[in-house]
Amino acid sequence: MRSLRKTIWLLVAVLLGALVFAWTAPAAELPKKIVVGWTPPDITGVFKTATDYFEKAAADARKHGINVEIIAQAPASHTAFADQVSIIEDFIQRRVDVIAISPIEVEVIKPAVKKANKTGIPVIIVNLLEPIEGIDVASYIGFDNTVAGMISAYAVLDYFGGPGVLGTGRKVDVKPGTYLDLKWWQDLYATVTAQEKAAIQARGAIIEGIAGGFFSVARLRGFHSVIDQYPGIKIVGTLPADWNREKGIRAAEDFLSSNPPGTLNFIWAASNEMGLGAMLAVEAAGRQKEVKVFTNDGTPESVDRIREERLIAETWHGFPEWGWYGTKFAVMLALGQEVPRIFDIRPRTEYKGNADDFYPVPKLEPIDWEEIKAKAKVKK
């Protein structure tokens with residue numbers, strides 16, 4: 001009995017000692033500065049939006065005593081592949097704490113990412129969810145590009161006679177805040193009748209990004225996987241525009257000149273820089289009542305054009321989320337914490353009826369910086 005009491009008192013003493021140590025042990029000292037190197041493919045509207053939200057999240061972190069600096073560097077153009085590699089290598093030389101990349105092309109950046117892996121710098125990839133073979137990536141923030149193309153195809157079907165929220169077909173009531181994501185569209189089109197399917201009729205053209213490139217191929221694959229199931233939709237041609245607005249204008253002009261009035265109903269551009277270019281070309285030709293423009297991405301500019309009905313619909317790619325969560329995860333990695341391996345922003349349809357859900361104030365969850373500070377595992 002005496003031995004049992006002695007054991008109990010010993011356990012109590014150990015527990016009390018542990019509690020005292022926990023109360024008095026110093027918290028992890030935060031680094032003087034956390035430097036995040038961020039390289040998008042270019043500095044056009046979509047990537048400027050992402051950069052803005054990297055900066056907004058960093059400013060929010062600084063309000064909570066976490067000193068975060070974003071170093072943003074972009075290649076001269078969306079086809080300057082070597083420039084982006086050089087930027088990543090420069091980040092490595094500067095010993096930044098975390099590198100965030102939106103690749104121009106996946107294969108091009110792999111050697112540079114391997115160098116970052118060897119030096120122990122965590123890497124975040126934004127703009128895709130598909131894991132890249134042969135490199136270590138701490139977190140993927142973005143969306144499935146094939147899914148994004150599929151969603152764009154459903155918006156086209158909707159406008160030209162199918163059920164949905166855009167055109168003259170069967171209208172669907174949508175509660176505020178509903179995500180018009182792939183599941184929503186697939187569930188809806190599982191109910192399409194033979195008569196409704198036959199009513200979907202249009203002739204359209206496609207403006208893709210870099211011909212043969214990873215992102216362009218994925219988005220076209222997704223678009224065709226849906227649209228090709230509807231024989232009433234005829235695609236008259238596909239032209240590349242390298243994700244560039246001026247080239248988008250020229251591609252649209254080619255389609256307009258080769259398809260006289262009455263023979264073309266829509267242009268789908270796989271990014272909104274190209275889509276905004278197509279919109280300008282259609283308007284310059286005076287054919288905006290006949291040729292409707294659909295696109296992908298989501299920026300303040302494109303959402304405003306949707307409000308004005310100069311663009312019909314767009315698939316949201318989550319540029320604010322890229323920057324917001326990119327900074328959050330970068331800070332967590334720099335402080336020795338685990339982050340989600342895959343973070344899907346769920347691409348979804350923007351249209352006039354839900355434009356306010358996206359801009360001017362995107363709906364982003366607050367970041368609990370105090371909790372992140374409390375869980376810091378590094379001392380510097």
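No value in this document is a laboratory result; all are computed from the given coordinates. Please read all numbers here as calculations on a predicted model, not as lab measurements. FYI the Cβ positions are ideal-geometry reconstructions off the backbone, even for glycines, and counts take in every protein chain you see.
With just the Cα atoms defining each centre, how far is segment 204-235 from segment 320-380? Give it in Å. Here the answer is 30 Å between Cα centres.
Rounded to the nearest 20 debye, what is the charge dipole size of the chain about its Cα centre when +1 sits on each Lys and Arg Cβ and -1 on each Asp and Glu Cβ? Can you show the working numbers first?
Details: 44 positive and 46 negative charges, 300 e Å.
Its charge dipole is roughly 1440 debye.
Peptides 34-42, 262-270, 117-125, 193-201 ranked from most to least packed by the mean count of surrounding Cβ atoms within 10 Å: 34-42, 262-270, 117-125, 193-201.
Taking the average, over residues, of other Cβ atoms within 10 Å as the packing measure, peptides 127-134, 55-62 rank 55-62, 127-134 from highest down.
Going through the cross-link list Lys48/Lys118; Lys63/Lys118; Lys118/Lys375; Lys56/Lys171; Lys33/Lys114; Lys32/Lys115, which pairs have a Cα-Cα distance over 28 Å in this structure? Among Lys48/Lys118; Lys63/Lys118; Lys118/Lys375; Lys56/Lys171; Lys33/Lys114; Lys32/Lys115, the Cα-Cα distance tops 28 Å for Lys48/Lys118; Lys63/Lys118; Lys56/Lys171.
Averaging the sequence gap over all C-alpha pairs within less than 8 Å and six or more residues apart, then dividing by the number of residues, gives the chain a relative contact order of 20 percent. Which value, in Å to one decimal place, does the Kirkwood hydrodynamic radius take for segment 145-316 when every pair of different Cα atoms is included? Hydrodynamic radius (Kirkwood, Cα pairs) of segment 145-316 is 15.8 Å. Each peptide in 205-216, 346-357, 181-192 receives the mean, over its residues, of other Cβ atoms within 10 Å, and ordering these scores from highest gives 205-216, 346-357, 181-192. Computed over all pairs of different Cα atoms, the Kirkwood value for the hydrodynamic radius of the chain is 22.6 Å. Under the shape rule built on the C-alpha gyration tensor, where the axes satisfy a ≥ b ≥ c, segment 256-380 is prolate, since a/c reaches at least 1.5 and a/b is greater than b/c.
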